[in-house]
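These notes are about the structure you will find just below.
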Amino acid sequence: MNLLDSIYSPQDIKNLDNKKLQELAGELREEIITTVSKNGGHLAPNLGVVELTLAIHRVFDTSQDKIVYDVGHQCYVHKLLTGRRNDFHTLRQHKGMSGFPRCSESIHDAFGTGHSSTSISAALGMAVARDINNDNYSVSALIGDGAMTGGMAFEALNHAGHLGTDLIVILNDNEMSIGENVGGLSKYLTRIRTDPMYSRGKDEIENLLKKLPIGKQVLKVADRLKDSLKYLVVPGMIFEELGFTYLGPFDGHNIEEATNMLKQAKSMKGPVLVHAITRKGKGYKPAEENPDKFHGTGPFDIVSGEVKKKSGAPSYTSIFSDTLMKLAAGDEKVLAITAAMTGGTGLSEFSQQYPNRFFDVGIAEQHAVTLAAGMAKGGYKPVVAIYSTFMQRAYDQVLHDVCQQNLPVVFAIDRAGIVGDDGPTHQGLFDITFLRSTPNLTLMAPKDENELQHMLKTAVELPGPCAVRYPRGAGVGVEMDETPLSLPVGEAEVLRRGSDVMLLAVGSMVTLVEEAAVELAKLGVQATVINPRFIKPLDEDTISHYASKTGCMVTVEEHTLTGGFGSAVIEMLESKGLLNGIKVSRIGIGDQFVEHGHPSIMRRQYGLTTENIVNQALFIVGKRPKLHTALK
C-alpha cells in the first residue's frame with residue numbers, strides 16, 4: 001500500500017520521519033501529475049509546493065489555524081492531505097472537486113480564493129477578528145512572489161506592519177507568476193536569493209552586538225549600530241521597514257528546514273515574513289523546463305509532456321494575436337499591455353516582434369488600465385489585453401481614468417462568457433453589465449473569429465474608449481478575410497428576415513440562434529435573426545423596426561441577465577414607448593455564480609442551447625414547445 005493511502009487527515013503526517021515524508025512527497029507528485037494529465041489543471045504551481053505544504057501541515061493545525069492561499073492554484077497538495085484523496089479524481093469536473101480552495105468543501109479551507117494578491121488582506125482580517133474575540137490560533141497567508149507584484153498585497157503588508165498583530169506571511173518564491181516575473185520587487189527578491197551575505201548578515205550583526213558591554217547607553221548605541229550595519233549588509237530590507245520580522249531565505253523543498261523555519265515564525269510575536277525558495281514544476285521535467293506552459297494546462301501525455309490539442313478552428317486568442325500584429329505593423333502608435341498574462345492573452349509574438357511597444361506590468365490590472373490612459377494621453381493607441389474576470393478588478397480605472405477623459409484605450413477582453421473548469425472565480429459573466437453603464441465606452445462582441453479581426457481594427461481607429469469581448473477556445477471555423485476592415489459603428493447585421501419572432505444574440509451565441517431559426521422554419525415559424533455586433537451603442541432603428549414588426553423577441557447572451565444585453569434592449573424599447581405589446585423572453589445566466597464544469601455542460605444547464613431557444617420562441621408566439629426542456 002502506498003503511504004498516501006494511509007493519510008486521512010493532516011494529523012497522519014505529524015509524526016512521520018524525514019525519510020517517510022520524502023516518500024510521501026514523491027507519491028503526492030505522482031498523484032497530482034496523473035490526475036492533471038487527465039483533467040487538466042494547475043500543474044507546475046502545485047508541484048512546486050509539495051514539501052512546503054507538508055511542512056505547513058506539520059507545524060499548523062488547519063482545523064483551527066487559518067491558512068489563506070493566494071490565488072489558490074497551489075492547493076492540490078493541501079486538499080490531498082485534508083481528507084479529499086478519494087474525490088481527487090473529480091478535480092475540476094462538473095459537480096466534482098474545485099481546483100481552488102472552497103470553504104464548503106472542508107473546514108481546512110479557511111478562505112475561498114481564485115484571484116491574485118488577496119491573501120494577506122484576508123489573513124489580516126482574520127487575525128484582527130481573532131484578537132477582538134480573544135481567540136488563540138495562528139493565521140498565515142501563503143503567497144507567491146508573482147502575487148506580491150499586486151498592489152493589494154503591498155497595501156495589506158503596510159497595514160499589517162502598522163497594526164503589529166500576530167500574522168505569518170509565507171512567501172513562496174519561485175521566480176515565476178504565470179510567466180516570468182517583472183518589476184522592482186522581482187529584482188529585489190533575486191538579490192536576496194543570490195546574495196549569500198543577505199541571509200547571514202542580520203544574524204551575524206546580532207551575534208556581534210551580544211558581545212558588547214551591557215548598559216543603557218551602550219544598548220542605545222548598539223541599536224543604532226545594528227540598524228546602520230543592517231543597511232550596509234542587507235540591500236533594501238523592505239519587509240522589515242514595513243514592520244515585519246524577516247526569516248529566510250530557505251530551501252522550500254527541504255522539509256526539515258521548512259518545518260523549523262515555520263515553527264520559529266509561529267513562536268514569534270507580531271507580523272513575520274517567511275521567505276521560501278522553491279522551483280515551479282519540481283519533480284516533473286517537462287514542467288520544470290516549461291513552467292509557464294504547465295502553469296494551467298489541459299490534459300496531457302505524461303511521458304512526452306505534450307498537451308492533447310483539439311483539432312479544428314483557430315482560437316479567438318490566436319486571431320486577436322494575429323490581428324494585433326497586422327495593426328501594429330501598419331501603425332507604430334499601437335501598443336500592447338498585459339497584466340502578467342503574456343501567453344494567455346496571445347501577446348507572446350507581439351512582445352518579441354515589438355519589445356519597445358509591449359508592456360507587462362505584473363499582476364496589477366489597475367495600473368495597467370491607468371498606464372494605458374497615460375499612453376493614450378500621449379498620443380498612442382494602447383491595447384489592454386485582459387481576461388473578463390480580471391477586468392472587473394480595474395473597474396474604477398476604466399470609469400475614472402479612461403472613460404471620463406474619453407481616451408482612446410482599447411480593451412481586448414478574452415475569456416468572456418463561461419470558461420469552464422476553473423469555476424466561479426474565473427467565469428467572464430459580468431463585463432457587459434459594468435461596461436455598458438459607463439459613458440463614452442463603445443462595446444462590441446463578435447459572432448465569429450472573422451468578425452473579431454474587423455472589430456479590433458474598428459476599435460483601434462475609434463477616437464474614444466472601446467472594449468471587444470470574445471470567448472475562450474476555438475472559433476466557429478469560418479473563412480477569414482485577408483485584411484481587417486472597419487465596421488460602421490452602432491450598426492447591427494440582419495442575418496435572416498422573418499415575420500413571426502425576432503432572435504437577437506450576443507457574440508458566440510449568434511450561431512445558436514441561426515441554428516434555432518432553421519429549426520423554427522421547419523415548424524412553420526419564421527424568425528428574424530440579428531447580430532447586434534455593438535452592445536453599446538445599440539442599433540436602435542433596426543432592433544425597434546423588427547421588434548414592432550414581429551411583436552415577439554428572444555434575446556440570448558452568455559452573460560448574467562442582470563443588467564446584461566437583454567436588459568439593454570428592453571430599456572431601449574421602453575425609452576421609445578415600444579415595449580407594450582411586445583412579448584420578450586431573455587435567455588442567459590440568472591442571479592447566481594456559475595460553478596466549474598465543461599462549458600458545454602454549463603451552457604446546457606443554463607438553457608444556452610438551440611433546443612431552448614426554439615422552445616422559448618415557440619412559447620412566446622403561442623405555439624406548444626417542441627421539447628419538454630423549455631424553461632419558463
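Of the numbered criteria (1) surrounded by fewer than 19 Cβ atoms within 10 Å (Cβ to Cβ); (2) closer than 25 Å to residue 475 by Cβ; (3) of a type in the set (S, T, N, Q), the one residue 267 fails is (2). Scanning region 610-626 for residues that are at pLDDT 95 or above and of a type in the set (Gly, Ala, Ser) yields a single hit, 617.
One residue stands out in region 415-448 among those that are within 23 Å of the chain's Cα centre (by Cα) and among the charged types (D, E, K, R): the one that is nearest to residue 492 (Cα to Cα), namely 436.
Kindly indicate which of 91, 163 is in the same structural domain as residue 37 (by TED's automatic domain parsing), at pLDDT 95 or above, surrounded by fewer than 19 Cβ atoms within 10 Å (Cβ to Cβ) and farther than 17 Å from residue 48 by Cβ. Residue meeting the stated conditions: 163. Considering region 362-404 alone, what residues qualify as being over 18 Å from residue 443 (Cβ atoms), out of contact with any Ser or Thr (no Cβ under 7 Å at 6 or more places or on another chain) and in a loop (DSSP other than H, G, I, E, B)? Within region 362-404, 378, 379, 380 qualify.
Residue count for region 363-414 satisfying the condition of being charged (D, E, K, R), surrounded by 21 or more Cβ atoms within 10 Å (Cβ to Cβ) and within 21 Å of the chain's Cα centre (by Cα): 3.
Hey, among the residues in region 302-340 that are of a type in the set (Asp, Glu) and either crowded, with 22+ Cβ neighbours inside 10 Å or at pLDDT 95 or above (or both), which one's nearest to residue 352 (Cα to Cα)? If you could, list the steps in order and put the result at the bottom.
To start, the set of residues in region 302-340 that are of a type in the set (Asp, Glu) comprises 306, 322, 331-332.
Keeping just the survivors that are either crowded, with 22+ Cβ neighbours inside 10 Å or at pLDDT 95 or above (or both) gives 322, 331-332.
On the way: 322: 13, 331: 17, 332: 15 Å.
Looking at residues that are of a type in the set (Asp, Glu) and either crowded, with 22+ Cβ neighbours inside 10 Å or at pLDDT 95 or above (or both), I get 322.
Residue by residue, here is whether (1) touching a residue at least 24 places away in the same chain (Cβ under 8 Å); (2) over 20 Å from residue 488 (Cα atoms); (3) touching a Ser or Thr at 6+ places or on another chain (Cβ under 7 Å) holds:
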{"site": "527", "(1), (2), (3)": "yes, yes, no"}
{"site": "531", "(1), (2), (3)": "yes, no, no"}
{"site": "535", "(1), (2), (3)": "yes, no, no"}
{"site": "541", "(1), (2), (3)": "no, no, no"}
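Tell me, please, whether a residue that is crowded, with 16+ Cβ neighbours inside 10 Å, within 30 Å of residue 422 (Cα to Cα) and in contact with an Asp or Glu (Cβ under 8 Å, 6 or more places away or on another chain) can be found in region 543-559. Within region 543-559 (the criterion being crowded, with 16+ Cβ neighbours inside 10 Å, within 30 Å of residue 422 (Cα to Cα) and in contact with an Asp or Glu (Cβ under 8 Å, 6 or more places away or on another chain)), the answer is yes, since at least one residue qualifies. None of 80, 52, 47 is touching a strand residue (DSSP E or B) at 6+ places or on another chain (Cβ under 6 Å) and buried (at least 21 other Cβ atoms within 10 Å of the Cβ) except 52.
For residue 267, the criteria (1) farther than 25 Å from residue 340 by Cβ; (2) touching a residue at least 24 places away in the same chain (Cβ under 8 Å) hold in every case but one, which is (2). Filter region 282-301 down to residues that are under 14 Å from residue 34 (Cα atoms) and under 23 Å from the mean Cα position of the chain (by Cα) and give me whichever is surrounded by the most Cβ atoms within 10 Å (Cβ to Cβ). Across region 282-301, the extreme among qualifying residues is 287.
The values are calculated or read from the model by the stated rules, or taken from the named source; none is laboratory data. The structure presented is a predicted model; accordingly, all values stated were derived computationally and were not measured. Positions of Cβ are generated from backbone atoms using ideal geometry, with glycine treated the same way; all protein chains shown enter the neighbour counts.
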